[in-house]
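*Asks:* Below is a structure I'd like to ask you about.
The values are calculated or read from the model by the stated rules, or taken from the named source; none is laboratory data. Worth saying up front: this structure is predicted, and the values here are computed from it rather than measured. Neighbour counts run over all protein chains shown; Cβ positions are idealised from the backbone, glycine included. Protein only, heavy atoms only, side chains kept; ligands, DNA and RNA dropped before computing areas. Shrake-Rupley method; radii C 1.70, N 1.55, O 1.52, S 1.80 Å.
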Amino acid sequence: MTQLAKQSQEPGVPTLTTRRLLLRPVVESDIAAVQLHFNDYELVRNLSAVVPWPYPADGASTWFHNHVLPNQGKEKWVWAITLRENPSELIGVVDLWRKGSPENRGFWLSRQHWGKGYMTEAVIPVTDLAFDVLGFDKLILENAVGNQRSARIKEKCGARKIGEKNSSFVDPAFTASELWELTKESWRSHKASLHG
Ligand SMILES: CC(C)(COP(=O)(O)OP(=O)(O)OC[C@H]1O[C@@H](n2cnc3c(N)ncnc32)[C@H](O)[C@@H]1OP(=O)(O)O)[C@@H](O)C(=O)NCCC(=O)NCCS
């Protein structure tokens, strides 16, 4: 198979656009923005306890070089969320990964951008890509019990809550997570309902 033919079968990490956002693959120059946003405990406390806290000075660089670069566009797809008018400035991240643990999707947004519907908007093209291009049959989604903003995004996608399990988050007050299932069929019917 020629290199060109091989590339055309592997979508890599495509740039995705919505009405207000541009989602592009994260790049090395985004490290400084991630490092800055991860100094915010109110943001980071909602994330899995695999994230170190206090966030080390090389935290974002380690994440990018050890976790993003080796898998980007293969088993993991990591997008920088940006505003369309300023695509160089990362304001958040949304990612998908093939091998669920059991969840397959994560996201965060810098606090000044919360509550504007951005994440609800960002997950739409990512979910379309997962089902229409990457071949997922379902996505398992997870959030800390008590992270109502994140849970609300799952509800708004048409996901179904399937259970809870013990989990550790950066904030030790979170001791359990909710698991959600979003199937290809339920995503399609959810989208059809949006379009009336
Ligand atoms: C979770 C997060 C990505 C949400 O992003 P966002 O762009 O603010 O989300 P949206 O504005 O698209 O939607 C948030 C929803 O939560 C609702 N919400 C906001 N504050 C809430 C609260 N205190 N309790 C319940 N719901 C709340 C909003 O009203 C909105 O729902 P609506 O559209 O029905 O009104 C963002 O808060 C974040 O980055 N949090 C820290 C990291 C994190 O939790 N990541 C997920 C780990 S599982």
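*Asks:* When both residues are 6+ apart or on different chains and their Cβ atoms are under 7 Å apart, which pairs have a first residue that lies in the stretch 40-56 and is over 19 Å from residue 114 (Cβ atoms), and a second that is more than 12 Å from the ligand (Cβ to nearest atom) and open to solvent by less than 50 Å² (accessible area, probe 1.4 Å)?
*Replies:* 52/59
*Asks:* Conditions: (1) more than 23 Å from residue 177 (Cβ to Cβ); (2) surrounded by 20 or more Cβ atoms within 10 Å (Cβ to Cβ). Residue 93 meets all but one. Number of the miss?
*Replies:* Residue 93 satisfies all of (1) more than 23 Å from residue 177 (Cβ to Cβ); (2) surrounded by 20 or more Cβ atoms within 10 Å (Cβ to Cβ) except (1).
*Asks:* Can you tell me which residue is most open to solvent (accessible area, probe 1.4 Å) among those in the stretch 164-196 that are hydrophobic (A, V, I, L, M, F, W, C) and not in a strand (DSSP E or B)?
*Replies:* The qualifying residue most open to solvent (accessible area, probe 1.4 Å) is 194.
*Asks:* Can you spot a residue in the stretch 51-64 that is at pLDDT 95 or above and either within 11 Å of the ligand (Cβ to nearest atom) or under 30 Å from residue 160 (Cβ atoms) (or both)?
*Replies:* Yes: the stretch 51-64 contains one or more residues that are at pLDDT 95 or above and either within 11 Å of the ligand (Cβ to nearest atom) or under 30 Å from residue 160 (Cβ atoms) (or both).
*Asks:* Separate question: Kindly provide the set of residues from the stretch 25-56 that are surrounded by 16 or more Cβ atoms within 10 Å (Cβ to Cβ) and among the polar types (S, T, N, Q), ordered by number.
*Replies:* Within the stretch 25-56, 35, 46, 48 qualify.
*Asks:* Just the residues that are of a type in the set (A, V, I, L, M, F, W, C) and within 6 Å of the ligand (Cβ to nearest atom), please, taken from the stretch 118-141.
*Replies:* Answer for the stretch 118-141, where residues must be of a type in the set (A, V, I, L, M, F, W, C) and within 6 Å of the ligand (Cβ to nearest atom): just 119.
*Asks:* Something else now. Of the conditions (1) open to solvent by 80 Å² or more (accessible area, probe 1.4 Å); (2) away from the ligand (no atom under 12 Å from the Cβ); (3) outside any helix (DSSP H, G or I), residue 115 clears all except one; give me its number.
*Replies:* (2)
*Asks:* Condition first: among the acidic types (Asp, Glu) and out of contact with any strand residue (DSSP E or B) (no Cβ under 8 Å at 6 or more places or on another chain). Now tell me which residues in the stretch 151-170 satisfy that.
*Replies:* Within the stretch 151-170, 155 is the sole residue that qualifies.
*Asks:* So, in the stretch 57-82, how many residues would count as being under 17 Å from residue 106 (Cα atoms), in contact (Cβ under 8 Å) with a residue 24 or more places away in the chain and surrounded by 13 or more Cβ atoms within 10 Å (Cβ to Cβ)?
*Replies:* Adding up the residues that qualify gives 13.
*Asks:* Right, something else. Within the set of pairs 6+ apart or on separate chains, which have a first residue in the stretch 113-129 that is on the phi < 0 side of the Ramachandran plot, a second that is small (Gly, Ala, Ser) and more than 6 Å from the ligand (Cβ to nearest atom), and C-beta atoms under 7 Å apart?
*Replies:* 113/92
*Asks:* Looking only at the stretch 4-27, how many residues end up being modelled with pLDDT of 95 or more and within 17 Å of residue 72 (Cβ to Cβ)?
*Replies:* So the count comes out to 9.
*Asks:* Further question on the same structure: Filter the stretch 142-163 for residues that are within 7 Å of the ligand (Cβ to nearest atom) and either free of Cβ contacts under 8 Å to residues at least 60 places away in the same chain or of a type in the set (D, E, K, R) (or both); which is surrounded by the most Cβ atoms within 10 Å (Cβ to Cβ)?
*Replies:* 142
*Asks:* Still on this structure: If residue 129 passes every condition in (1) more than 26 Å from residue 166 (Cβ to Cβ); (2) not in a helix (DSSP H, G or I) but one, which one does it miss?
*Replies:* (2)
*Asks:* Can you tell which of 23, 90 is touching a residue at least 40 places away in the same chain (Cβ under 8 Å) and part of a strand (DSSP E or B)?
*Replies:* Step by step, each of 23, 90 is checked, and only 23 is touching a residue at least 40 places away in the same chain (Cβ under 8 Å) and part of a strand (DSSP E or B).
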